[in-house]
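The values are calculated or read from the model by the stated rules, or taken from the named source; none is laboratory data. On a predicted model such as this, the values are computed, not experimentally measured, just so you know. Positions of Cβ are backbone-derived with ideal geometry, glycine not excepted, and every protein chain shown enters the neighbour counts.
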Amino acid sequence: MDDALPPRALVHHLLSVIEDDDTVESIVYVARMKDGTIVSGWSDLLHTEVIGLLEVGKLQAVKEMWEDWQPR
């Protein structure tokens, strides 16, 4: 998790990719607010596509977790 970015830097990076490269087709996000509530949103997608993108993101996070895991 050494390459983790704070929220502002992550959003800034995403905006620069959207504005400069024009390669982002759709977006799904999940955020934890300072009060602990979870909010989510997405661009123009079908609900099944939203769920699919969230599942892919979950699998990518699990893959990174396993790559970082060190046996005791």
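Remarks
- A count restricted to the stretch 1-41 and to residues that are over 13 Å from the mean Cα position of the chain (by Cα), of a type in the set (S, T, N, Q) and modelled with pLDDT of 95 or more stands at 1.
- Whichever residue in the stretch 26-52 is hydroxyl-bearing (S, T, Y) and part of a strand (DSSP E or B) and, among such residues, is surrounded by the most Cβ atoms within 10 Å (Cβ to Cβ): Y29
- Residue within the stretch 2-10 that is of a type outside the set (A, V, I, L, M, F, W, C) and part of a helix (DSSP H, G or I) present: yes
- Only one of E67, E55 that is loosely packed, with under 10 Cβ neighbours inside 10 Å, assigned to a helix (DSSP H, G or I) and of a type in the set (D, E): E67
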